Amino acid sequence: MSRVLLLGATSAIVEAVARRFASTGDSLFLVGRSEDRLALVAEDMRIRGAAKVDVGILEATDLDSQSGTVRQAVESLGGIDVALIGYGTLPDQVAANSDVGLVRQSLEINAVSTLCLMTHLGQYFEETGAGTLAVISSVAGDRGRASNYLYGSAKAAISHYAQGLRCRFAKSAVRVVTIKPGFVDTPMTAGFTKGILWAKPESVARTIHRAILSGREIVYVPWIWRWIMLVIRIIPERVFKRLPL
């Protein structure tokens, strides 16, 4: 039985991952900013078979409260075996092109708060000598595109930081998993027209759960995005900047 900390537990993808852990009888500590929504998710996890479910309220950008939330999870669960970070917002790139405040707000939510949580959890796992830290990044972080380079920059920072942690912990039993979803049909993307490349949170969660258990390091979800992004990364800059992406 694993002791699992889920940060962003009311987001569609992380909630779906939580259901996977609950169904195998693991103990969960759910973190989010909405007390009412967390209560509903927690009760669902108990019904689904979780051995224990507790919750913690945290506004992601409240950096001073992050370490306390991690300690709360450790005390509740008796330790942490797995931590998953997965929350964020999708900024309006056009508006951000001329709005420094929006740029700062987006980076604080989508990058800074996550990097700080990764720091707290990295320190915890280093002290305990084992564990898995998983973080949801995005394929958007693989290359800057005119349509979403603010969001992509935040995700690139997360992916880069996770890679550094893997190097730091290479000789230990601490694992760091970077998850890079493509298009996922969630409330955050409700305004987008959906197509063949769009995945459902449940299928994404299944892959994430398996990746955490197997210790895979970089996971594209669905798998086809690994090859899509390979092609996108090798396109020369002089050609890429002319593409309507």
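Give region 151-200 a look and list any residue that's part of a strand (DSSP E or B) and either at pLDDT below 95 or under 14 Å from the mean Cα position of the chain (by Cα) (or both), or say none.
So in region 151-200, the residues part of a strand (DSSP E or B) come out as 173-181, 184, 199.
176, 177, 178, 179, 180, 181, 184, 199, listed by residue number.
Report every pair of residues separated by at least 6 positions or lying on different chains whose Cβ atoms are under 9 Å apart, first residue within region 41-55 and closer than 19 Å to residue 79 by Cα, second basic (Lys, Arg) and in a strand (DSSP E or B).
Listed by first residue and then by second, the contacts come to 52/3.
Starting from region 227-245, keep only residues that are loosely packed, with under 11 Cβ neighbours inside 10 Å, then list their pairs with residues that are outside any helix (DSSP H, G or I) whose Cβ atoms are within a distance under 7 Å, requiring at least 6 positions of separation or different chains.
233/142; 233/143
Being of a type in the set (A, V, I, L, M, F, W, C) and surrounded by fewer than 19 Cβ atoms within 10 Å (Cβ to Cβ) is true for just one of 157, 162, 199, 111. Which residue is that? Can you show your working first?
On the way: 162 fails: surrounded by fewer than 19 Cβ atoms within 10 Å (Cβ to Cβ); 199 fails: surrounded by fewer than 19 Cβ atoms within 10 Å (Cβ to Cβ); 111 fails: surrounded by fewer than 19 Cβ atoms within 10 Å (Cβ to Cβ).
157 is the lone residue from the list that is of a type in the set (A, V, I, L, M, F, W, C) and surrounded by fewer than 19 Cβ atoms within 10 Å (Cβ to Cβ).
When the residues of region 208-222 are narrowed to those that are out of contact with any Leu (no Cβ under 9 Å at 6 or more places or on another chain) and either over 13 Å from residue 178 (Cβ atoms) or among the aliphatic types (A, V, I, L, M) (or both), which ends up surrounded by the fewest Cβ atoms within 10 Å (Cβ to Cβ)? Explain how you work it out, then say what you get.
Step one: list which residues in region 208-222 are out of contact with any Leu (no Cβ under 9 Å at 6 or more places or on another chain), which gives 209-211, 213-221.
Narrowing further to those that are either over 13 Å from residue 178 (Cβ atoms) or among the aliphatic types (A, V, I, L, M) (or both): 209-211, 213-214, 218-219, 221.
Values: 209: 21, 210: 12, 211: 19, 213: 14, 214: 10, 218: 16, 219: 23, 221: 24.
Of everything passing the filter in region 208-222, 214 is surrounded by the fewest Cβ atoms within 10 Å (Cβ to Cβ).
Among 197, 150, 213, which is the only one that is out of contact with any Ser or Thr (no Cβ under 6 Å at 6 or more places or on another chain) and under 27 Å from residue 119 (Cβ atoms)?
Details: 197 fails: under 27 Å from residue 119 (Cβ atoms); 150 fails: out of contact with any Ser or Thr (no Cβ under 6 Å at 6 or more places or on another chain).
Residue meeting the stated conditions: 213.
Can you tell me which residue is nearest to residue 121 (Cα to Cα) among those in region 51-66 that are assigned to a helix (DSSP H, G or I) and under 18 Å from the mean Cα position of the chain (by Cα)?
If we filter region 51-66 for residues that are assigned to a helix (DSSP H, G or I), which is where we start, we get 63-66.
Narrowing further to those that are under 18 Å from the mean Cα position of the chain (by Cα): 63, 66.
Details: 63: 13, 66: 10 Å.
My answer is 66.
When you scan region 72-89, do you find a residue that is within 17 Å of residue 11 (Cα to Cα) and surrounded by fewer than 19 Cβ atoms within 10 Å (Cβ to Cβ), even just one?
Let us first name the residues in region 72-89 that are within 17 Å of residue 11 (Cα to Cα), namely 83-89.
Then keep just the ones that are surrounded by fewer than 19 Cβ atoms within 10 Å (Cβ to Cβ); that gives 89.
Yes.
Looking at residue 177 and the list (1) surrounded by 13 or more Cβ atoms within 10 Å (Cβ to Cβ); (2) closer than 26 Å to residue 245 by Cα; (3) hydrophobic (A, V, I, L, M, F, W, C), which single condition is not satisfied?
(2)
The values are calculated or read from the model by the stated rules, or taken from the named source; none is laboratory data. This one's a predicted model, so the numbers in the text were calculated from it and none came from an experiment. Glycine also receives a Cβ, built like all others from the backbone with ideal geometry; neighbour counts cover every protein chain displayed.
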